[in-house]
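What follows is one structure encoded as structure tokens, with my remarks underneath.
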Amino acid sequence: MDALRKQASKFREQVAKQQQAVIKQFGGTGYESSDVMVIDEVEMQRHQQLEKLYRSTRAGKDFQKDIVRAGEAFTAIGYKQIETGTKLSEDCCRYGAENINDNILARAASIYGDGLKHIAKEQEDLTKLLSSQILDPLRAMVTGAPLEDARHLAQRYSRMRHEAETQAAEVSRRQARLREAPNPENAARLNIAEAKMKELKANMAVLGKEAAAALAAVEAQQQRLSFQRLVAMVEGERTYHQRIATVLGEVESEMVSEKQRKESAPPAIPSESHSEKTMYFLAEAMHAFSAASEKELSLNVGDYVVVRKVSHTGWSEGECKGKAGWFPSEYVEKRQRLPTSNVAAEVY
């Protein structure tokens with residue numbers, strides 16, 4: 001009965017050790033952390049180096065995944081903006097075309113609609129840049145063989161180190177047995193345990209060096225690629241926003257110019273009855289004015305103008321040297337008022 005209890009207790013201990021080994025292997029970072037010196041100081045330094053590199057490459061991989069997720073979100077938002085902007089552009093252009101002769105709003109709608117087309121093109125270019133220069137290279141790095149191969153090497157080393165730790169305990173146990181009972185059988189078993197420990201030590205030296213070199217190379221590549229893609233993302237966004245600002249600046253400038261042109265343009269000459277007696281006045285040009293259209297009248301300083309109409313918009317209509325047209329009211333000063341019959345005699 002006692003023998004059965006001892007056997008059951010030993011079995012439970014073995015199961016507990018196996019469970020701990022599984023937890024260590026698949027929990028945490030995936031590389032078993034241990035402060036136990038299995039072989040010597042050199043091996044301990046190698047173990048600590050691999051643990052640090054393993055954590056670093058995992059953090060680098062997670063950060064690259066974060067960038068990819070953000071880039072995918074930006075891309076989805078970009079396509080939605082393109083769709084919305086294109087629809088608004090079509091609506092603006094249609095309103096402008098259908099109401100072109102109504103008011104300044106129709107012209108402004110057309111201008112904005114054209115601007116939205118350029119904005120959609122810039123958004124499309126940014127989306128393509130994010131996909132080809134940011135997302136694709138990072139995805140390839142995250143799922144690439146070099147990273148997984150290097151991490152598998154480190155995991156193999158971790159398992160081998162755990163095995164060496166167990167074997168070191170076996171060697172100690174065999175040494176104690178031999179001291180207690182110095183016979184050929186115990187000596188042979190100790191020799192076998194020590195030979196296995198020696199083999200594990202040699203294999204660990206080779207595998208540890210290989211795993212450290214592979215992880216260091218992957219870490220350097222992660223750092224370099226992630227930095228380059230971040231710079232490319234910043235440059236792409238900066239260029240995009242600069243171009244958008246330029247487009248919107250041009251749209252705003254054109255809208256304001258169109259509004260000013262509409263407000264400052266000389267009014268159309270109303271039709272008047274020739275039977276009406278209209279009072280004119282003579283004015284002298286105090287500033288030179290160059291006509292910008294056939295409806296306007298050019299003036300030189302000192303010219304005398306017969307003013308026939310003054311508009312509330314700040315323009316006056318009159319005749320000078322045989323030509324008629326509109327000019328800014330503030331460019332002339334009134335001299336005298338004349339009846340229509342004296343107009344031809346006064347203007348020269």
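Just to be sure, is Gly85 touching a helix residue (DSSP H, G or I) at 6+ places or on another chain (Cβ under 7 Å), at pLDDT 75 or above and not hydrophobic (A, V, I, L, M, F, W, C)? Break it down into steps so the answer makes sense when it comes.
Values: touching a helix residue (DSSP H, G or I) at 6+ places or on another chain (Cβ under 7 Å): yes; at pLDDT 75 or above: yes; not hydrophobic (A, V, I, L, M, F, W, C): yes.
Taking the combined requirement at face value, the residue satisfies it.
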May I ask you to list the residues in the stretch 73-118 that are among the aromatic types (Phe, Trp, Tyr) and over 29 Å from Arg261 (Cα atoms)? Phe74, Tyr79
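Matching residues to (1) more than 16 Å from the chain's Cα centre (by Cα); (2) of a type in the set (Ser, Thr, Tyr); (3) on the phi > 0 side of the Ramachandran plot:
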site: Gln123; (1), (2), (3): no, no, no
site: Thr127; (1), (2), (3): no, yes, no
site: Pro137; (1), (2), (3): no, no, no
site: Pro146; (1), (2), (3): yes, no, no
site: Arg159; (1), (2), (3): yes, no, no
Six or more apart or on different chains, Cβ atoms under 6 Å: show the pairs whose first residue is in the stretch 308-334 and in contact (Cβ under 8 Å) with a residue 40 or more places away in the chain and farther than 16 Å from Ser298 by Cα and whose second is aromatic (Phe, Trp, Tyr) and surrounded by 14 or more Cβ atoms within 10 Å (Cβ to Cβ). Lys334/Phe281
Test: residue in the stretch 129-149 that is out of contact with any His (no Cβ under 7 Å at 6 or more places or on another chain), open to solvent by less than 20 Å² (accessible area, probe 1.4 Å), under 27 Å from Ala205 (Cα atoms) and touching a residue at least 24 places away in the same chain (Cβ under 8 Å): yes
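Within the stretch 224-245, which residues are surrounded by 12 or more Cβ atoms within 10 Å (Cβ to Cβ) and either of a type in the set (Lys, Arg) or touching a strand residue (DSSP E or B) at 6+ places or on another chain (Cβ under 7 Å) (or both)? Even if it seems obvious, please write down each step before you answer.
Keep residues of the stretch 224-245 that are surrounded by 12 or more Cβ atoms within 10 Å (Cβ to Cβ), which gives 225-226, 228-230, 232-233, 235-237, 239-241, 243-244.
Result: Arg229, Arg243.
In the list Ile134, Ile100, which residue meets the criterion of being farther than 30 Å from Glu210 by Cα, modelled with pLDDT of 90 or more and of a type in the set (A, V, I, L, M, F, W, C)? Step through it out loud before you land on a result.
Values: Ile100 fails: modelled with pLDDT of 90 or more.
None of the others qualify; the one that does is Ile134.
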Would you pick out the residues in the stretch 172-213 that are exposed (fewer than 15 other Cβ atoms within 10 Å of the Cβ), among the small types (Gly, Ala, Ser) and farther than 30 Å from Thr57 by Cα? Ser172, Ala176, Ala181, Ala187, Ala188, Ala195
Filtering the stretch 150-176 for residues that are in contact (Cβ under 8 Å) with a residue 60 or more places away in the chain and either more than 23 Å from Glu210 (Cα to Cα) or of a type in the set (A, V, I, L, M) (or both) leaves a count of 5
Looking for something among the polar types (S, T, N, Q), at pLDDT 85 or above and within 30 Å of Ile111 (Cβ to Cβ) - is there at least one such residue anywhere in the stretch 261-280? no
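The values are calculated or read from the model by the stated rules, or taken from the named source; none is laboratory data. Since we're looking at a predicted model, the values are computed, not measured. Here Cβ is always computed from backbone atoms with ideal geometry, including for glycine, and neighbour counts include all displayed protein chains. Keep in mind that these areas ignore ligands, DNA and RNA; they rest on the heavy atoms of the full protein, side chains included. Shrake-Rupley method; radii C 1.70, N 1.55, O 1.52, S 1.80 Å.
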